[in-house]
Amino acid sequence: PTGLVNNDSRSVLGTGVVVSGPAAGAHVGPYVLTPSGAVDTDYLITYSPGTLAVTRANTTVVAASQTSIYSEQAVLVTLAATVTNSSTSPVVNEGTVTFTIQAAGGATIGSPTSGNVANGAANATYTLPAGVPGTQAGTYTIIASFLTSLNFNSSSESGHSMVISARTTNTVANAQSATFGDSSVTLSATVSANGSSINQGTITFTLLNSSSTVVGIATTSAAVSSGSASVSYVLPNATPASSYTIQAHYDGNSNLNPSQSTAILTINKKPTTTVETNSPGSLQYSDQVAFSATVSPASVPGVQLTGTVQFTIGTTSYGSASIDNTGLAKLAPQQIFLAPATYSVKATFTPTDTANFLGSAGSSSLTITQEDARAYYTGALLASTGSINSTSANVTLAATIKDITALGPTDSAYDAYPGDIRNATVTFVNRDAGGAVLCTASVGLVSLSDPTVGTATCTSTPLTASSTAGGTPYRIGIIVGGYYTRNSPMYDDMVINVYIPQSNFITGGGYLINSSSAGQYPGAPGQRTNFGFNVKYNKSGTNLQGNINVIIRNNGRVYQIKGNSMTSLVINYCPNSPTPCSAPVSPCTGTASATCPIVATFNGKASIQDITDPLNPISIDGNATLQVTMTDYGSPGTSDTIGITVWNKSGGMWYASNWNGTKTMEQKLDGGALSVH
């Protein structure tokens, strides 16, 4: 039989049975159990080996909660979990935990990743995908799955979360400028965040004035791209030039937090441009010119530009004019009295609204050329040397100079805008000597009330007479310069003859009834001008001597012309001939008659004074130039004529006894007689 008999128990076997099997912590698998060690004298003990199956222990995996911050770039997060042996005591030290992140709808975010278990713990780096918006901010489920290993059963847990929070942003508004009148301005800003680019969300731009009042309408951009956004912000018409606050508000979303900053928008004053125009661009002295200027822009949306333009040449203002609605300002044509030259005409615009518009200036050239003049020789045509022993003469040359306006429309060069003939200069030249200058003279007025007619006189350099008979002819030219021009040999040249005189003398006295007296001290019409003179050579014939006395009456005043320095005496025995002669030509003799009149001219220096109060005379001028022309028609003297002219040192005319508008004409005596020998 087998087994125990006779009611023996296992204790009769003495020492216990020892079974040998796998060591503690052996891996899962079947193992053989081998018994041994029992001893008893009554039994024959045989052993039968057995088997032992070691199975996997159960596990519990628990994930750790995690946090992250949103980014458009991929974000690496570390996920961790613990794995515990829920069946036996050994620590789990094998296998892997796979981490999966799921959105609320169950969609897997990114790719699952695994980490090895060591000492009951596992962790892995999980990549949150990049993109826009990419892995959005929110709460996600972390699924930790322990995969079945050699000795442990799998387990899974999804009770913990990963929270992705919105990222902080930083907005920087950009300063900007605009100009008054602009209808819009581009406003821009940048948005940044540490650890993420920004390509989502919008920026709302608001413009505030100094009172924090919104200007215009807040404008929202399109989606931010590469961290930047801009808008075209509509400015209300006539938004004043000033400084404004740009408020740039990044609106954010669930992924990116809002942020805001400010900058300054400077609306500058509107520049203007002024273009000056002269019509004509070139003119003669004293002619008219019309100044105009165009200012642009003439308007901006909602505002019409207004203001005035001042026109200047150098420091002289020629007036100002308001601009019209086209920006045009113009002055009425006006005369320009500047010396011939090229000038810059400046137009300076001053806006009415200086708070919003800038002034401007523009200029253009204006060329002023010499005005036309006409010249008329009025000096002697026959001149004598200083004595019978002298062969040269210093001739008194004289001319009347007229502004072209004085000639009227019949002259082809006429214009209706007179200047001041005193701005002319006169040069007498010897055409026969290549234009050699004989003398120069300034021009003075015949009448202070008429600036268009003047006279000029000067004493020539010595002109030589070749013989006592016939004399020497000289072609005298008149060149007008200064503000005027005239140099016409064809029309203005005159021939004078210089001769050596014989022992001539002249005398006379009488009076004229004034009809056309002129000059700055003329005789009043209808009143009497008295005169008396005598001129002759001294006994030796070397010098002229004599005197003249003229009494002029005008407007209750009495003037006296006195002269006793005679420089030239000329006798012309052939006044009716184109060629003067210094000696009688048959059938005429040295005695004047109605058919053989004799003409005389004498020159000298004189003074003029006011003798209304004889005890207190008032000097007017001294060393003035005197010229007297006369024609002796013989006895009894009722047909004799005389012309008296006195020029001042400035070229103007103090007195002319009978002025025809150009020169002094001889007037028939109303009493008295002349005698020429």
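The values are calculated or read from the model by the stated rules, or taken from the named source; none is laboratory data. Keep in mind the model is a prediction, meaning the values are calculated, not measured. For neighbour counting, all protein chains shown are included, and Cβ atoms are generated from backbone atoms with ideal geometry for every residue, glycine included.
The single residue among Gly201, Gly216, Gly134, Gly138 that is out of contact with any Lys or Arg (no Cβ under 9 Å at 6 or more places or on another chain) and modelled with pLDDT under 95 turns out to be Gly134. The residues on offer are Leu44, Leu33, Leu52, and the sole one that is free of Cβ contacts under 8 Å to residues at least 60 places away in the same chain, farther than 30 Å from Asn123 by Cβ and in a loop (DSSP other than H, G, I, E, B) is Leu44.
Show me the strands (runs of 3 or more DSSP E) entirely contained within region 202-263 in which 3 or more residues are under 40 Å from the mean Cα position of the chain (by Cα) and hydroxyl-bearing (Ser, Thr, Tyr). Steps first, please.
Details: elements: 203-208, 214-220, 228-234, 243-250.
In region 202-263, 228-234, 243-250 are the strands (runs of 3 or more DSSP E) which contain 3 or more residues that are under 40 Å from the mean Cα position of the chain (by Cα) and hydroxyl-bearing (Ser, Thr, Tyr).
Take Ala321 and decide whether it is without any contact (Cβ under 8 Å) to a residue 40 or more places away in the chain and in contact with a strand residue (DSSP E or B) (Cβ under 7 Å, 6 or more places away or on another chain). Yes: the conditions hold for Ala321.
Among the residues of region 487-506, what is the count of those that are touching a residue at least 60 places away in the same chain (Cβ under 8 Å) and assigned to a loop (DSSP other than H, G, I, E, B)? Before you say what the answer is, go through the steps one by one.
Of the residues in region 487-506, the ones touching a residue at least 60 places away in the same chain (Cβ under 8 Å) are 488, 492-506.
Imposing the further condition that a residue be assigned to a loop (DSSP other than H, G, I, E, B) reduces the set to 488, 493, 500-504.
The number of residues fulfilling the criteria is 7.
If we only count strands (runs of 3 or more DSSP E) wholly inside region 327-376, which ones have 2 or more residues that are touching a residue at least 60 places away in the same chain (Cβ under 8 Å)? Step through it out loud before you land on a result.
Details: elements: 328-330, 341-351, 360-369.
Per the criteria, 341-351, 360-369.
The residues in region 263-279 that are surrounded by fewer than 17 Cβ atoms within 10 Å (Cβ to Cβ) and either touching a residue at least 40 places away in the same chain (Cβ under 8 Å) or β-branched (Val, Ile, Thr) (or both) can be counted, and the count is 7.
Residues in region 435-458 that are in contact (Cβ under 8 Å) with a residue 12 or more places away in the chain, assigned to a loop (DSSP other than H, G, I, E, B) and under 44 Å from the mean Cα position of the chain (by Cα): Val443, Leu448.
Residues are listed down the side, and each one gets a yes or a no for (1) part of a strand (DSSP E or B); (2) touching a residue at least 12 places away in the same chain (Cβ under 8 Å); (3) exposed (fewer than 10 other Cβ atoms within 10 Å of the Cβ):
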{"position": "Gly3", "(1), (2), (3)": "no, no, yes"}
{"position": "Pro22", "(1), (2), (3)": "no, yes, no"}
{"position": "Ala26", "(1), (2), (3)": "no, yes, no"}
{"position": "Leu79", "(1), (2), (3)": "yes, yes, no"}
{"position": "Thr82", "(1), (2), (3)": "yes, yes, no"}
{"position": "Ser89", "(1), (2), (3)": "no, no, yes"}
{"position": "Asn93", "(1), (2), (3)": "no, yes, no"}
{"position": "Gly105", "(1), (2), (3)": "no, no, yes"}
{"position": "Ser111", "(1), (2), (3)": "yes, yes, no"}
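Scanning region 610-638 for residues that are touching a Pro at 6+ places or on another chain (Cβ under 8 Å) and farther than 19 Å from Ala656 by Cβ yields Ile611, Asp632, Tyr633, Gly634.
Thr179 satisfies every condition listed in (1) of a type in the set (Ser, Thr, Tyr); (2) at pLDDT 95 or above; (3) over 30 Å from Ala238 (Cβ atoms) except (3). Pairing residues of region 522-539 that are within 15 Å of Lys562 (Cα to Cα) with residues that are exposed (fewer than 15 other Cβ atoms within 10 Å of the Cβ) and of a type outside the set (Gly, Ala, Ser), at Cβ distances under 8 Å and at least 6 apart in sequence or on separate chains, gives Val535/Gln545.
State the number of residues belonging to region 406-434 that are of a type in the set (Phe, Trp, Tyr) and either surrounded by fewer than 18 Cβ atoms within 10 Å (Cβ to Cβ) or not in a strand (DSSP E or B) (or both).
Adding up the residues that qualify gives 2.
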